[in-house]
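Asker: Okay, handing you the structure first.
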């Protein structure tokens, strides 16, 4: 774990504790934070990078638990063990992994693409039951068109078809 423990934010400390415990022993730690900022409810994403490359990223658009802390714990376990793009994280990898946590704001409908900004807002695209999400401020995603195309691809939505767009802000923790 190459990040200094003193410099980690509370959400990242929780994600790290969960990641370390789950990968090493299969035990999921209990929520125990006294940080009032983590007792509210919100969707969140936990992202893992290994030497700067994506190694896992799982999250929730809307809250599925009764606190942000529990949401982080749930998504940290999923990011290291359930991301279908990757094998589960092995304990030998932990030293090379960095973690970030994104706490999502409430999504809002957008009717004009000019109201989007891929460096500031994430997007959710919806067509019928299909839905795709892309977080904001991702390397290489510098245009609204690219952001929407990737979100559509993730959701299995035809980017030339009709779909609803929502935007959301995030608070990103390292």
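Asker: Considering each residue of the stretch 142-155, count those that are exposed (fewer than 14 other Cβ atoms within 10 Å of the Cβ) and either at pLDDT below 95 or under 19 Å from the mean Cα position of the chain (by Cα) (or both), and give that number.
Answerer: Total satisfying the criteria: 1.
Asker: Follow-up question, since we're still on this one. Any residue in the stretch 25-39 that is modelled with pLDDT of 95 or more, loosely packed, with under 13 Cβ neighbours inside 10 Å, in a helix (DSSP H, G or I) and touching a helix residue (DSSP H, G or I) at 6+ places or on another chain (Cβ under 8 Å)?
Answerer: no
Asker: Does the stretch 22-34 contain any residue that is in contact (Cβ under 8 Å) with a residue 60 or more places away in the chain and under 17 Å from the mean Cα position of the chain (by Cα)?
Answerer: no
Asker: Count, please, the residues in the stretch 150-174 that happen to be more than 17 Å from residue 46 (Cα to Cα), in a loop (DSSP other than H, G, I, E, B) and in contact with a strand residue (DSSP E or B) (Cβ under 8 Å, 6 or more places away or on another chain).
Answerer: Residues meeting the conditions: 6.
The values are calculated or read from the model by the stated rules, or taken from the named source; none is laboratory data. As the structure is a prediction and not an experimental result, all values here were calculated from the model. For neighbour counting, all protein chains shown are included, and Cβ atoms are generated from backbone atoms with ideal geometry for every residue, glycine included.
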